[in-house]
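The next block holds one structure in the form of structure tokens; read it before the comments.
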Amino acid sequence: MPRHPAPITRIAVVLAVVAAAWVAVIPQRAAAAEVRGTWLTTTGVDHIRSGVNTESTLATLRGAGLNTAYIESWKAGHTQYPSATMLGLTGWERHPALGPVRDLIDESVIQAHRQGMAAVAWFEYGFATSFSGANQPFPIGDLANAANQRGWMLRDINGNLTNSATSFQWMNPAVPEVRQLLIDIVVEAVVQHDLDGIQFDDRLAWPRSLGYDATTNAIINERFNVNITPTHPSYTNLLNQLQDESLDLFVEELHTAVRAVDPDVWISLSPSVNGFSQANYTADWPKWLQQGYFDEVVPQVYRPSIGSFNASLPSNVSPFTSTNREEDGIMGLRFNGSGGDTPLADLLAMIQATRNAANGELAGHSIWYSDNAVDFANDLANFYGGWTENPNLEPGHRPAPVVGSDAGNDDWAVTVTDEGLYRVVAPIYAQGQWATLGTLYLYPGDWLINAPEALGELELLRDRRPLPGDFDGNDRYDPDDLTALSNMILGNDPVGDLDGDGSTDLDDLALVLETANTAAGDLDLDGDVDLLDAQTLAANFGVITDAAAPWALGNLNADSVVDLLDAALLRQNFTGDLAALDAAFAAVPEPAAAMLLLGLAALRRRRLKTADERG
């Protein structure tokens, strides 16, 4: 029979946009696996800025043969998604252009995943707060002003925030609060969105010409046990050492933080070219690559012609070959840029040169940026000769969406074949943008989902974020996960403190059952508390173990015995015929006593949270 999950409560959203039609893409014959990326920015052509064209843009890029979208997430002191961190610092929860409710990452990730593409949150501005032009003494923008008030802004020897070497204003990477700020907004993005990766680019940097401000001066004196000013002959050498140490520390901290939240999210860097990056921006990416802090590196070998590209390619390939990291090397290619565009023939030659480099072992390429990638989509499709998944993803990691059908009364009928966590997505604005309505853990079968905010369409996308309590990491729940958690509850093991309240207890077990969309008594974790579960518990009634009795045998309250308390919990949540249940329990000693315990030890089954409540 159909299962009916809790309705997705309406999320209050108001936004005026214009319509965007879905462009269907028919997969072509699979081509050789390689990364084929492009960057999506709010600058220039409106591919994602208003959200109006996001759906058609990602469909067109998929049709062109591309498989990876690097999505603008951090620009000019604002996040492109809700950030409690930035709200507390600048008073802006998200970029002002988004209004009070839009989430540009969510909009873009939905469309990328609908097309089977990898979605990477691109933290473009890194340590930079804003662009102001050269020789600017005053902070520009909300973040620059907030950082300046705290002494976090870098200045040059003349006291300016910018100069001829950099027209961007920068925060100080030597300040722990600055590094933590960037880590916090990255973690927020990873927690809120089902991302495949995160990326910094050439503004994960400390310009060598900056660092003559009072804060940096004080840090140098403390760090190196000296008492000098910026005019001292030794100052610049010590500054360069501090610059190196500070960025080295940041990439280590970033790696640790992202891995702790989601070990499967890959960490990407798109720096300036080798040599220039270290000399001018303190970004020693070949060293970081060797140390394993980044899963992929995309050096920006942005050249206007194949001749200039070929001249720069070897020095940017060598860091990968010298460290046996060829499979993590992706060349950034210029199609648009300052000045005239790179001719199509030159771009295609750059792609082929990248394929031939390092004995054909580099991971792929990414095109700057989506403007020309969309305009020349047909030419790229003809060149690629077919679409291929990003090789960083397991085959089928981003499967086709489960498409719902309108069942009336705001209900949508879906048929699920693969158990797991799903994002419920739909167009919710009158003019076409999609949003995530919530998440549901679903079992194989037919479901009705109530979503009054869905306008004409509703789909399910597999959500690959870590499941709380999925201790074997197989992307779904099984009885062994609950047995493991029961043992953690017995020993108050902090690993099992899934709700973060400082105690590993039955509330953590309830959280897993809530997320799994089931209840105490579902011994085989198929989404039902049914007769088979009752018969299993009855057959194992009285089992006593040294550790927690297995969940699959009927231990529902994280102790070492299958007893009357477990039988009471199962009966409370039983979905079948109670007469059949009583018959199953007939062989259990004192079955009537079990029925009397219904209200005494019931494990609370929490309702599903809406997207609002999850934050």
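Table for the structure above
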item	result
Residue within the stretch 334-350 that is in contact with a strand residue (DSSP E or B) (Cβ under 9 Å, 6 or more places away or on another chain) and part of a strand (DSSP E or B) present	yes
The lone exception for residue 200 - which of (1) open to solvent by less than 40 Å² (accessible area, probe 1.4 Å); (2) outside any strand (DSSP E or B); (3) not aliphatic (A, V, I, L, M) it fails	(2)
Number of the exception - residue 489 against (1) touching a Pro at 6+ places or on another chain (Cβ under 9 Å); (2) β-branched (Val, Ile, Thr); (3) open to solvent by 10 Å² or more (accessible area, probe 1.4 Å)	(1)
Qualifying position, being within 18 Å of the chain's Cα centre (by Cα), open to solvent by 10 Å² or more (accessible area, probe 1.4 Å) and at pLDDT 95 or above, among 85, 90, 60	85
Selection count where residues are out of contact with any Ser or Thr (no Cβ under 8 Å at 6 or more places or on another chain) and either of a type in the set (A, V, I, L, M, F, W, C) or free of Cβ contacts under 8 Å to residues at least 60 places away in the same chain (or both), scope the stretch 271-316	18
Condition met for residue 423 (part of a loop (DSSP other than H, G, I, E, B), closer than 19 Å to residue 517 by Cβ and either open to solvent by 60 Å² or more (accessible area, probe 1.4 Å) or not aromatic (Phe, Trp, Tyr) (or both))	no
Pairs, first under 17 Å from residue 37 (Cα atoms) in the stretch 381-409, second open to solvent by 50 Å² or more (accessible area, probe 1.4 Å), C-beta under 6 Å, six or more apart	386/28; 386/29; 386/30; 387/27; 387/28; 388/30; 388/33; 391/33
Segments classed as helices (runs of 4 or more DSSP H), wholly inside the stretch 483-576, with at least 1 members that are over 36 Å from the mean Cα position of the chain (by Cα)	531-539, 564-573
Residue that is touching a Phe, Trp or Tyr at 6+ places or on another chain (Cβ under 8 Å) and not small (Gly, Ala, Ser), where the choices are 191, 175, 226	175
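The values are calculated or read from the model by the stated rules, or taken from the named source; none is laboratory data. These numbers were taken from a predicted model, which means no experiment stands behind them. Counting neighbours? That spans all protein chains shown, and the Cβs are built from the backbone with ideal geometry, glycine included. Accessible surface areas use protein heavy atoms only, side chains included; no ligands, DNA or RNA. Shrake-Rupley method; radii C 1.70, N 1.55, O 1.52, S 1.80 Å.
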